[in-house]
Amino acid sequence: MDADHPAAPVGDPAQAAHNIPLAVPHLAGNEWKYVKECLDTGWVSSVGPFVTRFEQMLAQRVGTVEAVATTNGTAALHLAQLVAGHQANEEVLVPALTFIAPANTVRYLGARPVFIDVEPEYWQMDVGRAIEFLDSCLWRNQSLINKETGRRVVSILPVHLLGHPVDMAPLLERARQYKLTVIEDATESLGALYKGVPVGKLGDGACFSFNGNKIITTGGGGMFTSDSTAWCHRARYLSTQAKDDEVEYLHSNVGFNYRLTNVQAALGCAQLERLDLCIAAKRRIAAEYERQLAEVPGIRPMKQAPWAFSTFWLYTVLVDESAYGLSSRDLMRKLAAAGVQTRPLWQPLHLSPAHARSLVLGGEVAENLYRCGLSLPCSVGLALEDVARVAELIRSFHRPAQVAVATELTSG
Ligand SMILES: *Cc1c(COP(=O)(O)O)cnc(C)c1O
């Protein structure tokens with residue numbers, strides 16, 4: 001946004017390899033000032049004023065009673081499920097298409113993910129399919145039992161993908177009915193709204209990430225949010241090795257070292273002050289891509305549901321090979337050769353060897369999005385002229401269908 005601030009530090013490896021990187025941090029606010037404060041005062045570790053301040057700022061932004069800062073989003077997901085009380089061999093609903101972290105954290109507890117396909121419009125967990133599955137289970141002694149596996153279904157872990165919220169209302173209704181907990185993975189969607197309500201405020205608990213490519217970053221970092229003070233206190237306790245005494249090293253539980261440091265929290269405070277500017281920049285970039293790519297055959301832009309406010313965190317298009325003339329991966333390679341970094345979506349989790357033998361409901365939509373999806377450069381600091389340049393390259397690589405037909409005729 002500020003022309004005098006580069007999108008990435010000089011010497012950034014992503015910047016060096018590509019003239020236009022996919023998504024790099026934008027550190028244009030009070031980052032230096034706050035980090036310097038940490039260094040000047042010696043408060044650099046996991047205790048310090050910025051940790052508390054960052055937690056309070058984020059809780060206020062999301063609208064929850066409390067927030068607990070963690071070393072990263074994965075740790076927040078792990079803590080969320082510990083405080084929710086998930087047990088080994090219980091089942092948790094996870095979308096079939098997502099970055100792998102939520103499924104991994106289900107497994108940390110010995111629980112089992114049940115993969116629910118995503119829907120083709122907004123690419124979020126297919127709520128209709130999730131409900132169909134829940135309704136097919138057995139309701140016995142106040143528990144929901146998966147008929148196929150005999151395991152208890154205890155939780156739903158919707159992931160608000162790519163800056164867009166999941167259609168939460170029907171999920172929340174069923175969760176109440178069947179006494180399931182709902183943990184939102186909001187790591188990709190800080191600032192997004194569902195029917196006017198911030199993501200992170202919708203479930204029993206939620207998780208955020210401040211990894212380098214997220215909308216705001218602390219280098220590495222995460223947050224657990226909840227309206228339950230009991231859950232938050234438990235999460236904070238478990239994140240600091242479950243230390244029972246202020247002075248003595250007494251522990252009645254097995255804890256973790258998941259606490260964010262003051263230096264990272266200082267970055268977080270500075271970044272969070274500028275969140276609305278970051279969201280505005282992402283939405284401007286998305287609108288520009290949509291305008292520039294509207295006429296390109298076979299390129300389908302990402303959409304926003306009427307009930308959603310999307311941050312368009314990672315701007316992604318679908319490439320229809322037959323209409324566009326190139327596959328998503330061919331386009332990725334051609335753009336890379338022109339100095340533009342792009343990236344496919346995630347391998348669907350039901351196809352991942354890491355989660356082999358997990359149950360999946362559907363999966364074809366996730367597979368299609370994996371085949372066709374391509375995320376385009378969308379750093380907060382990206383200039384609209386660069387968006388236009390990427391779009392112009394995409395336009396220029398399009399091969400009209402008749403070329404393919406002509407080749408077929410001459411070769412036949
Ligand atoms: C980034 C991300 C995470 C985890 O974040 P880290 O801070 O890298 O641990 C979890 N879930 C999803 C969907 C993510 O995109």
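The values are calculated or read from the model by the stated rules, or taken from the named source; none is laboratory data. Please read these numbers as outputs of a predicted model, since none were measured by experiment. Note that we place each Cβ from the backbone using ideal geometry, even for glycine, and neighbour counts take in every protein chain shown. We work out accessible area using only protein heavy atoms, side chains counted, and drop any ligands, DNA or RNA first. Shrake-Rupley method; radii C 1.70, N 1.55, O 1.52, S 1.80 Å.
Residues to consider are Glu184, Glu188; find the one that is more than 19 Å from Arg129 (Cβ to Cβ), among the charged types (D, E, K, R), touching a His at 6+ places or on another chain (Cβ under 9 Å) and surrounded by 24 or more Cβ atoms within 10 Å (Cβ to Cβ).
Glu188
Okay, residues lined up against (1) touching a helix residue (DSSP H, G or I) at 6+ places or on another chain (Cβ under 6 Å); (2) of a type in the set (S, T, N, Q); (3) touching a residue at least 60 places away in the same chain (Cβ under 8 Å):
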position: Asp244; (1), (2), (3): no, no, no
position: Glu248; (1), (2), (3): no, no, no
position: Asn253; (1), (2), (3): no, yes, no
position: Asn257; (1), (2), (3): no, yes, yes
position: Ala265; (1), (2), (3): yes, no, yes
position: Leu272; (1), (2), (3): yes, no, yes
position: Leu277; (1), (2), (3): no, no, yes
position: Arg283; (1), (2), (3): no, no, no
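Could you please find all residues in the stretch 299-332 being buried (at least 20 other Cβ atoms within 10 Å of the Cβ) and over 20 Å from Ser379 (Cα atoms)?
Across the stretch 299-332, the qualifying residues are Ile299, Ala308, Val319, Tyr324, Ser328.
Restricting the first residue to the stretch 202-222 and requiring it to be surrounded by 24 or more Cβ atoms within 10 Å (Cβ to Cβ), which pairs with a second residue that is among the small types (Gly, Ala, Ser) and in a loop (DSSP other than H, G, I, E, B) meet a Cβ separation below 7 Å and a spacing of at least six or different chains?
As it stands, the answer is Ala206/Ala186; Ala206/Gly200; Cys207/Ala186; Phe208/Ala186; Phe208/Gly200; Phe210/Gly221; Ile215/Gly191, since those pairs meet every condition given.
Please find, within the stretch 193-218, the residue that is farthest from the ligand (Cβ to nearest atom) out of those that are in contact with a Ser or Thr (Cβ under 7 Å, 6 or more places away or on another chain) and aromatic (Phe, Trp, Tyr).
Top of the filtered list is Phe208.
Okay, residues lined up against (1) under 30 Å from Lys36 (Cβ atoms); (2) of a type in the set (Gly, Ala, Ser):
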site	(1), (2)
Gly191	yes, yes
Val197	no, no
Gly219	yes, yes
Asp227	no, no
Asp244	no, no
His251	no, no
Val254	no, no
Val263	yes, no
Glu273	yes, no
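Answer yes if at least one residue in the stretch 74-90 is under 21 Å from the mean Cα position of the chain (by Cα) and closer than 30 Å to Asp40 by Cβ, and no otherwise.
Scanning the stretch 74-90, I find at least one residue that is under 21 Å from the mean Cα position of the chain (by Cα) and closer than 30 Å to Asp40 by Cβ, so the answer is yes.
For the condition surrounded by fewer than 24 Cβ atoms within 10 Å (Cβ to Cβ) and not charged (D, E, K, R), what is the one hit in Gln60, Gln81?
Only one candidate qualifies: Gln60.
Give me the pairs: first residue in the stretch 49-74 and assigned to a helix (DSSP H, G or I), second residue of a type in the set (Asp, Glu) and away from the ligand (no atom under 16 Å from the Cβ), beta-carbon distance under 7 Å, and six or more apart or on different chains, which are they?
Close Cβ pairs (under 7 Å, with a partner that is of a type in the set (Asp, Glu) and away from the ligand (no atom under 16 Å from the Cβ)) amount to Ala59/Glu66.
Can you tell me how many residues within the stretch 212-226 are over 21 Å from Ala308 (Cβ atoms) and touching a strand residue (DSSP E or B) at 6+ places or on another chain (Cβ under 8 Å)?
5
On the basis of being surrounded by 20 or more Cβ atoms within 10 Å (Cβ to Cβ) and in a helix (DSSP H, G or I), does Val390 make the cut?
yes
Only residues that are closer than 20 Å to Glu321 by Cβ and open to solvent by 40 Å² or more (accessible area, probe 1.4 Å): list them for the stretch 347-364, please.
Listed by number, the residues that qualify are Gln347, Leu351, Glu364.
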